[in-house]
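As structure tokens, the structure follows; a few thoughts come after it.
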Amino acid sequence: MSKKSPPIATRHVIWLGWKLVIFLSVALCLLALLRLHSSQPDLLSSPPSISRARSRLSRDNGRFNGPPRIAFLFLARRNLPLDFLWGSFFENADAANFSIYIHSAPGFVFDESTTRSRYFHARQLRKSIQVAWGESSMIQAEKLLLAEALEDPANQRFVLLSDSCVPLYNFSYIYNYLMASPSSFVDSFLDAKEGRYNPKMSPKIPMNKWRKGSQWITLIRRHAEVVADDELIFQVFHKFCKRRPPLDSGKGKLNIKLQKQHNCIPDEHYVQTLLAMSELEGELERRTLTYTIWNQSANKMENRGWHPVTFTYANAGPQKINEIKDINHVYYETEFRTEWCRTNSTSAPCFLFVRKFSQGAAMRLLSEGVVGRFEASSLLEPPP
């Protein structure tokens, strides 16, 4: 007797069952692979300490022996118009105690034809970039300066300066001031009033770690490495921290839309926010060493704008300089915090440098003997 075949409906059910088993097996395999992949650390997911995200051995491996140096990092548009003052400043220093690095326009070379001071000859970075104010290129240039200076293990303090900065004291005083402190000097405070924080930065940069402060910083070596080596937070800044376009009368009503954008100035936030996210604020003197007077100005196209005052020969006299030297505290109203200025727990003047200085103001500073001797004849034939 022949065996009856199962009904067609039964065979169909059996076939669907096998297909379901195969599908579930493949799905489980894919799920296992995905879980294995997700178990790997995601460096962009805002780890507790950004300094640990790219942990690396120190370039000198902690074995440096010898006199520590200050690395003076000049961020210049092109040349250094106050090179004659800085030349006098370095003339009174031991060459073993300092080094100089300059980020200038690509292709610009410091030599006998472009600078009055031998201390700046060939001190420009070989790989520089075109920098624009209010863009991430500014902090990229700072990172390039730090990375270059970190290649010398003797450099233990890193001072960022503009081409219009001048020293308030001689080299010996500034050297001892910086070397006496185990901390970095970074102006850093809560930015609670302005709309510079872009919510799109979250969760990579949480709002409670968002900081603001002066661009002009002084770092110890370990903190300089954190800034130079960071890529993760820099990428977020490059994408989401952008300067608001200026008002343009030709754009009419379009200005209303443009002015709703977040007006983020990268160099006033990057280092401060990075160090806060790296849990390093406890190792900082949260103030800058560079004094600046900010003047509020207004015109038809800007209802509110702040610009640094430029010191001229007339307003850079001994009385004004001494007033700056006598400042011993800074008040931060967003945190209701008074920062009493100290170095290694000892009371000290707040500021070592001033900006912005014209050439005339720098000449007067030299004539008062603040930083060293000055020969006026050296300015009769300025470099091109």
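For this structure, a couple of remarks:
- Single residue of 61, 79 found to be surrounded by fewer than 22 Cβ atoms within 10 Å (Cβ to Cβ), at pLDDT 95 or above and either out of contact with any strand residue (DSSP E or B) (no Cβ under 6 Å at 6 or more places or on another chain) or among the β-branched types (Val, Ile, Thr) (or both): 79
- Residue within the range 116-127 that is at pLDDT below 95 and either touching a strand residue (DSSP E or B) at 6+ places or on another chain (Cβ under 7 Å) or closer than 24 Å to residue 237 by Cβ (or both) present: yes
Conditions tested, residue by residue: (1) loosely packed, with under 12 Cβ neighbours inside 10 Å; (2) closer than 27 Å to residue 190 by Cβ; (3) more than 27 Å from the chain's Cα centre (by Cα).
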{"residue": "316", "(1), (2), (3)": "no, no, yes"}
{"residue": "324", "(1), (2), (3)": "no, yes, no"}
{"residue": "328", "(1), (2), (3)": "no, yes, no"}
{"residue": "338", "(1), (2), (3)": "yes, yes, no"}
{"residue": "342", "(1), (2), (3)": "no, yes, no"}
{"residue": "351", "(1), (2), (3)": "no, yes, no"}
{"residue": "359", "(1), (2), (3)": "no, no, no"}
{"residue": "366", "(1), (2), (3)": "no, no, yes"}
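- Reported count of residues in the range 309-335, each being at pLDDT 85 or above and outside any helix (DSSP H, G or I), is 18.
- Boolean, residue 111 is charged (D, E, K, R), without any contact (Cβ under 8 Å) to a residue 12 or more places away in the chain and either surrounded by 13 or more Cβ atoms within 10 Å (Cβ to Cβ) or farther than 21 Å from residue 361 by Cα (or both): yes
- Among the residues of the range 87-104, at least one is at pLDDT 95 or above, among the hydroxyl-bearing types (Ser, Thr, Tyr), touching a Phe, Trp or Tyr at 6+ places or on another chain (Cβ under 9 Å) and in a strand (DSSP E or B).
- Residues of the range 95-108 that turn out to be in contact (Cβ under 8 Å) with a residue 24 or more places away in the chain and either more than 25 Å from the chain's Cα centre (by Cα) or within 29 Å of residue 67 (Cβ to Cβ) (or both), as a count: 9
The values are calculated or read from the model by the stated rules, or taken from the named source; none is laboratory data. What you see is a predicted model; the values in this text were computed from it and never measured. Here the Cβ is made from the backbone with ideal geometry for all residues, glycine too, and neighbour counts use every protein chain on show.
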